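Just below is one structure, and these are the notes that go with it.
Rule-based calculations on the coordinates, nothing more; no lab input. In this text, all values refer to a predicted model and were calculated from it rather than measured experimentally. Note that each Cβ is placed from the backbone with ideal geometry, even for glycine, and that neighbours are counted across all protein chains shown.
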Amino acid sequence: MFTRRSFLSALGAAAVAPQLRRTGKLQGLNVLYLCADEHNPRLLGGHPIVRTPNLDRLAGEGLRCTRTYVATPVCAPTRQAWLTGLHTWEHGQFGNRYVFDNRVPSLVQSFRSAGYRTTCLGKLHSWSEEVDGNMGFDRILNDKSGESWSAVRRTRRVTMAAPAFDVEDSPIYETMPQGSRFRGKLRPDPSTCDSWLLAQEAVAELRRNPGTTPFFLYLGVRAPHHPYDLPRDWYHRHDPADMPGAVGAAASVSPGTGRQADMNDWGAFKPEHHRLLQARYYASIEYMDHLMGLVLDELDALGLRESTLVVYMSDHGDMAGERGCWLKHTMFDSSARKPLILRGPGLRTGTYEHLVSEVDLLATVGGLVGVECGGRGKDLSGALLAGTAGRDCAFAADFISRKGSFGMTMARGPRYKLTWYRKPAFREEAFELFDLDEDPEETTDLAEDPLAGAVLQDLKERCLAWEEQLVPPTYPLRLRSTG
């Protein structure tokens, strides 16, 4: 039986091995990870408003995984699930207020042990001291790293003009609940945007590559996450009057979105609030796509395309006005599903419509390029190459208490998705069940349908079995003292 102890032992052995055994199908490739922040997976490829030409091109040249689910629909815990191959209850960063203990092994260490130069540019969201050498990266550049982010800003900034709030948007934001949270500034120049600076650092890192050592390069940009800070030329790309506004059932229909509406006062949002946020959020996605295009173009210009596996993903989605809600913390697909595209020589193109879990990602990428990562996720590399199913259920959890209880769990099978709401996080126990083959927009809850009783019971039992096999965190839980 695979245990946390055997996992730690395996990684310890890997740390002293000069080279891990290469058994992958696309052996020896570089790895370029491109990660957005809070990108709704529905707003990618063929959307009537949002244009993402660079990611669309990447998807057309690669494999788009359309059923990829997060471990937790929250920024920090789902990032650490990706890095460790562990679910949230196992790696211990239960939410954004928790500090990730970077003694928990990161699967990036496997790439470094296999001879890769490992670089992280941008957000890891661990709240720990992300100094070089920790978490498997040779180099880390972000606002928590030993390398000075302020020095990068000074070096690359070409103007000292100050950003400013848009005068037409400001009155609407001032009447909006949470308005100060979302309101971004018009940036006078791209060099005053951190996401642009990170993209430039990624371009420089690619140029720095001597070609003799494979690289594992992770670029994590903040866009399209709020506040919607954008260069002036991008800020007004969409007219709020042309936006769809709130769509779908009211938030109060679902326990998950109802709780979020109560916490964030979404019910007080007016149509003009939703439309303004959508205009700026959609523009932020398009700006993020532009930045990813800069890096992809440089990869091609340097002749590295045929020797590099490219992975595009987001940490999770964003409700973006669906059910009158924004942000995450729900198990609806706009929040709990994430975009995932892979492109590499020898990798088939098209769509992969079978399930992928966040915890599978690094083991799967390792399997593709021949680096054994371990972890508790599944290596789906063979399934991706063959186009077959590699897992029959994906699980997620949120509102996890320090005592180990789950407030909300999700079991996503090949056809149906169950969300289980539990006390005391919710006032009463409740279930939601959707047939995503027939109802991809999740409009018809089948939880009370007698004909779906067997399906609900099966997915509930799967949730319980999954919870029982989780291994508690090894290191003490710690909350942030500030911020």
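Eight or more residues apart or on different chains, and alpha-carbon atoms under 15 Å: count the Lys pairs in the chain matching that. Could you put the intermediate results ahead of the total?
Numbers: K123/K144; K328/K338; K403/K423; K417/K460.
Going through the chain pair by pair, I get 4.
Given S148, S314, L436, which one lies farthest toward the positive end of the charge dipole of the chain, if we put +1 on the Cβ of every Lys and Arg and -1 on the Cβ of every Asp and Glu?
About the Cα centre, the residue reaching furthest to the positive side is S148.
Taking the Cα-to-Cβ direction at D138 and at S191 and moving 7 Å from each Cα, how far apart do the two end points lie in nm?
Going by the 7 Å Cα→Cβ label model, 2.9 nm.
Set the Förster distance to 22 Å, then compute FRET efficiency between A425 and T175 from the Cβ-Cβ distance, nearest 0.05.
Details: r = 31 Å, r/R0 = 1.41.
The pair A425/T175 has a calculated efficiency of 0.10.
Among L276, L230, A383, whose Cα sits farthest toward the positive end of the charge dipole of the stretch 4-392 (+1 at Cβ of Lys/Arg, -1 at Cβ of Asp/Glu, about the Cα centre)?
Comparing the listed Cα positions along the dipole, A383 ranks first.
In Å and whole numbers, how far do the C-alpha atoms of the chain stretch along each principal axis, longest first?
59, 56, 45
Name all residues of the stretch 71-106 having a backbone nitrogen under 20 Å from the label point set 7 Å from the Cα of K403 along its Cα→Cβ direction, giving them as ranges.
89-90, 92-95, 98
So what are the ³J(HN,Hα) numbers for the stretch 172-182, from phi and the Karplus equation (6.51, -1.76, 1.60; θ = phi - 60°), rounded to whole Hz, Gly and Pro as x?
So the J values, rounded to whole Hz, are 6, 4, 5, 9, 9, x, 6, x, 5, 5, 8.
Count the net charge of all other residues whose Cβ sits under 11 Å from the Cβ of D360, scoring Lys and Arg as +1 and Asp and Glu as -1. Numbers along the way, then the final one.
Numbers: positive: R376, K378, R391; negative: E358, D379.
The answer is +1.
Cα convex hull of the stretch 203-293: mean projected area in nm², to one decimal? Don't skip to the end; give the middle numbers.
Working: hull surface 34.9 nm².
The number I arrive at for the stretch 203-293 is 8.7 nm².
Taking R0 as 25 Å, what FRET efficiency do you get between L479 and R103 from their Cβ-Cβ distance, rounded to the nearest 0.05? Don't jump to the answer; show the numbers that get you there.
Details: r = 17 Å, r/R0 = 0.69.
Step by step, r from the Cβ atoms, then E = 0.90.
Collect residues whose amide H, placed 1.01 Å from N in the peptide plane, falls under 5 Å from the amide H of D189; neighbours closer than 5 in sequence don't count.
Amide H to amide H, under 5 Å and 5 or more residues apart or across chains, D189 pairs with R232.
For D37, D189, D449, what ranking results if the residue with the fewest other Cβ atoms within 10 Å of its Cβ goes first?
Numbers: D37 23, D189 16, D449 13.
So the ranking, lowest neighbour count to highest, is D449, D189, D37.
If we count other beta carbons within 10 Å of each Cβ, what is the order of E272, E358, E38, fewest first?
Numbers: E272 15, E358 30, E38 26.
The most exposed by this proxy come first: E272, E38, E358.
Among G95, L124, T66, whose Cα sits farthest toward the positive end of the charge dipole of the stretch 44-165 (+1 at Cβ of Lys/Arg, -1 at Cβ of Asp/Glu, about the Cα centre)?
Of the listed residues, the answer is T66.
For Y352, which sequence-distant residues (separation of 5 or more, or a different chain) have an amide H within less than 5 Å of its own amide H, given hydrogens modelled in the peptide plane?
Result for Y352 returns R64, C65, T66.
Just want the ordering: H274, H290, from fewest to most Cβ atoms lying within 10 Å of their own Cβ.
Numbers: H274 24, H290 20.
Fewest to most other Cβ atoms nearby, the residues stand as H290, H274.
Starting from the Cα-Cα distance between T213 and A447, subtract it from 0.36 nm times their residue separation and give me the gain in nm to one decimal.
Details: separation 234, 0.36 × 234 = 84.24 nm, distance 5.33 nm.
Here the segment from T213 to A447 would lengthen by 78.9 nm.
Starting from the Cα gyration tensor of the stretch 336-483, take the square roots of the eigenvalues, sort them a ≥ b ≥ c, and report rounded, prolate or oblate (rounded when a/c is under 1.5, otherwise prolate if a/b is larger than b/c, else oblate). If you can, show how the numbers build up before the last one.
On the way: a/c = 2.14, a/b = 1.20, b/c = 1.78.
Taking the square roots of the gyration eigenvalues as a ≥ b ≥ c, the stretch 336-483 is oblate.
Between D435 and V253, what is the label-to-label distance in nm when each label sits 7 Å out along the Cα-to-Cβ direction?
Output for this residue pair reads 1.7 nm.
When only C-alpha pairs under 8 Å and at least 6 residues apart count, what is the relative contact order of the chain, in percent? Kindly include the intermediate steps, with their values, before the conclusion.
On the way: 1079 pairs, mean separation 122.3, N = 483.
That works out to 25 percent.
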